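**Student:** Okay, here's the structure, questions in a sec.
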Amino acid sequence: ECIKPVEVKTPVPKKGLSKIKVSNDGSYMENSNYFNHTIMMIESNKHIYPIILSLKKYIKAKKIASLEYLLITLNDCLACSGCVTSAETVLVAMQSQEELYKVLKENRELSPERRKIIVVSVSPQSRASIAAKHGEGVRRAGKALDMFFKTLGAHMVLDTSFAREIALLKTAEEFMERYRNKNTEKSLPMLTSSCPGWICYAEKTHGDLTIPFISRVKSPQQITGSLVKKLVSSHMNTTPDQVYHVTVMPCYDKKLEASRQDFYDDIYSTRDVDLVLTSGEVAEMIARETTSLEDLLIKLEAARLDADNPIHHNGAGSGGYLDYVFKRSAQELFGRHVEEIVYKTARNNKDFRDVRLLDNDGKVLLHFAAAYGFRSIQNLVQKMKRGKSDYDFVEVMACPSGCLNGGGQVKSESGDREQQREILSLVEIAYNELPSSTPGENSAVNQTISDYDVETSKQLFHTRYHAVEKDESLSLNVKW
Ligand code: SF4
Ligand code: SF4
């Protein structure tokens, strides 16, 4: 089942069953209507497969209708059909705008001392996406989001860049440790872990091959989750389950990440992140609650609230892992200062780039790559399978062009590709608008890291991965 569904609603709900047939011209027909169902067509090896993703109600009607469908090409999809289990689908479906409105309403109805503390953490990619949609600067969009969530009932609105800085520092430390042990352990290439789309694929299709190489550092979303539940509950003298934590992220895959058992606190029966909304879902909520972002800003300025102070890290819009780890390792392992990284982009694939650090004789000291989109990931995995990968570090992201182009970002209403490309360049401009901050220079981040002993630090900032047995009955038998 897929977490990027398209919903098709039929106008007249009745009761009954339905079948799907392939007609002579190859299109898909249903011989009665489902009500409120979700169908995805997966295209692979020139075949198109229909998958019914959810059936909320079914109805009796003899009518034959041509199905509307969404085409997902191999650039977007693994064509695995089994990457989200039914149980996971339920967890993902629970993370909706309606669920948030319900929680906020229930919270308002409680007496003040019994109310939960509502915290919203916004990713920099989502802020840039919403800024681009409204033609606003990213700072003003951040302030507007702050006000928007507080008006709805949130007590705090945070920026996940703080946790991203911790993730960058921890990733660099892990890489240098792996590099130093590379002759005694099979530890390289180290593969980044912040993209749940990639992690889902790795665990479900190439578990034994890839998992030992995946960084054990949690993603910025999950580090934010650990810190919010731990720090807010202890500062407010309450328990983690009394803190309700919402994140705003560029993709649906983050909902799945938040639902992982590894991020569930058995003692307090609570998750580090209770609910994830995508940038697009938040844009819809803003449209529902107010006429424009501008209206929010006018109210905000009248209320003279403090300015949001988001920060930015160098590198591509997916967090700058490659950029930071390369520069820091070059300095600490080889005493070489790298000011700017000059990438070599693969022929015919702008989503695969690499960079080498050479010594004075031209010998390769470090070889890093960025693999974005499943086409690039597939190339990487094939190289690893054949023992042909000589990379030390790879920043792996499931979306072509990375997180700024995530599946949950605000999209063009027409679905036109050209328009979508224009939106992406506006999002990139908004994202890069802020002055950059170098990891390690923020005293609050450094203090947060040094506050914890080794064991607590492991719990807060690190995680594990699990190879998942593939259920062949769900598989489309697509061989990669
Ligand atoms: S790979 Fe992505 S799009 Fe394809 S079925 Fe899995 S979640 Fe859905
Ligand atoms: S690359 Fe795409 S799927 Fe992965 S974290 Fe970024 S937006 Fe989400």
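**Student:** Counting other Cβ atoms within 10 Å of each Cβ, which trypsin sites (Lys or Arg not before Pro) in segment 369-422 have at most 11 and sit in a DSSP loop? Don't skip to the answer; put the middle values down first.
**Tutor:** Values: sites: ARG375, LYS383, LYS385, ARG386, LYS388, LYS411, ARG417, ARG421; in loops: ARG386, LYS388, LYS411.
For trypsin sites (Lys or Arg not before Pro) across segment 369-422 that sit outside H, G, I, E and B with at most 11 neighbouring Cβ atoms in 10 Å, the list reads ARG386, LYS388.
**Student:** Using the reciprocal of the averaged 1/r over all distinct C-alpha pairs, how large is the Kirkwood radius of segment 93-197 in Å? Before the final figure, lay out each step's value.
**Tutor:** Values: mean 1/r = 0.0585 Å⁻¹.
It is 17.1 Å.
**Student:** Next question. Starting at the first residue of segment 199-210, write each ³J(HN,Hα) from the Karplus equation 6.51 cos²θ - 1.76 cosθ + 1.60 with θ = phi - 60°, in whole Hz, x for Gly and Pro.
**Tutor:** 4, 4, 5, 4, 5, 9, 10, 9, x, 5, 6, 9
**Student:** Top to bottom by accessible area (1.4 Å), largest first, where do THR184, THR160, THR345 land? Walk me through the numbers before you get to the answer.
**Tutor:** Working: THR184 120, THR160 5, THR345 70 Å².
In descending accessible area the options line up as THR184, THR345, THR160.
**Student:** Tell me which chymotrypsin sites (Phe, Trp or Tyr not before Pro) from segment 127-203 have a DSSP coil assignment and no more than 14 other beta carbons within 10 Å of their own. Mind showing how you got there, number by number?
**Tutor:** Details: sites: PHE148, PHE149, PHE162, PHE175, TYR179, TRP198, TYR201; in loops: none.
Loop-located and lightly packed - none at all.
**Student:** To continue, here is another question. Show the residues, 5+ positions off or on another chain, whose built amide H is closer than 5 Å to the amide H of ARG271.
**Tutor:** Under 5 Å from the amide H of ARG271 lie the amide H atoms of ASP265, each far enough along the sequence or on another chain.
**Student:** Would you mind checking LYS255/LYS327; LYS143/LYS170; LYS133/LYS170; LYS255/LYS383; LYS255/LYS411; LYS116/LYS150 for any pair whose Cα atoms are more than 22 angstrom apart?
**Tutor:** From LYS255/LYS327; LYS143/LYS170; LYS133/LYS170; LYS255/LYS383; LYS255/LYS411; LYS116/LYS150, over 22 Å: LYS255/LYS327; LYS143/LYS170; LYS133/LYS170; LYS255/LYS383.
**Student:** Just reorder LEU322, LEU365 by solvent-accessible area, largest first, 1.4 Å probe, all chains present. Walk me through the numbers before you get to the answer.
**Tutor:** Details: LEU322 5, LEU365 25 Å².
Order by accessible area, largest first: LEU365, LEU322.
**Student:** Within 14 Å, Cβ to Cβ, of LEU104, how many net charges do the neighbouring residues add up to if Lys/Arg are +1 and Asp/Glu are -1?
**Tutor:** Values: positive: LYS102, LYS105, ARG108, ARG115, LYS116, LYS150, ARG288; negative: GLU98, GLU99, GLU106, GLU109, ASP274, GLU289.
Value of the local net charge: +1.
**Student:** Here's a follow-up. Might you work out the accessible area of HIS337 for me, using a 1.4 Å probe with all protein chains in place, and round it to the nearest 10 Å²?
**Tutor:** Solvent-accessible area, nearest 10 Å²: 130 Å².
**Student:** Also, I was wondering about something else. Heavy-atom accessible area of ASP453 with all protein chains present, probe 1.4 Å, nearest 10 Å²?
**Tutor:** 90 Å²
**Student:** If amide hydrogens are placed 1.01 Å from N in the peptide plane, which non-local residues have theirs closer than 5 Å to the one on LEU366?
**Tutor:** LEU357
**Student:** Provide the per-residue ³J(HN,Hα) series for segment 109-116, in order, calculated from phi with Karplus coefficients 6.51, -1.76, 1.60 and θ = phi - 60°, each as a whole number of Hz, with x at glycine and proline positions.
**Tutor:** Listing the rounded values in order: 7, 7, 5, x, 6, 9, 5, 7 Hz.
**Student:** Can I ask one more? So who's got an amide H within less than 5 Å of the one on VAL122, skipping anything under 5 residues away but keeping other chains? H placed 1.01 Å off N, in plane.
**Tutor:** When sequence neighbours closer than 5 places are left aside, the close amide H contacts are LEU158, ASP159, THR160, VAL248.
**Student:** Between segment 411-427 and segment 131-199, how many Å separate their Cα centres?
**Tutor:** For segment 411-427 versus segment 131-199, the Cα centre distance is 24 Å.
**Student:** So, taking all protein chains as they sit and a 1.4 Å probe, how much accessible area belongs to GLU203, in Å² rounded to tens?
**Tutor:** Looks like 10 Å² after rounding.
**Student:** On to the next question. Using the Cα centre of segment 349-460 as the reference point, and only Cβ charges (+1 on K/R, -1 on D/E), how large is the resulting charge dipole? Debye, rounded to the nearest 20. Please list the in-between numbers first.
**Tutor:** Working: 13 positive and 17 negative charges, 155 e Å.
Result for segment 349-460 is approximately 740 debye, rounded to the nearest 20.
The values are calculated or read from the model by the stated rules, or taken from the named source; none is laboratory data. It should be emphasised that the depicted structure is a prediction, and the values quoted were computed from it without experimental measurement. As a convention, Cβ positions derive from the backbone with ideal geometry for all residues, glycine included, and neighbour counts pool all protein chains shown. In case anyone asks, the SASA skips ligands and DNA or RNA and just uses the protein heavy atoms, side chains included. Shrake-Rupley method; radii C 1.70, N 1.55, O 1.52, S 1.80 Å.
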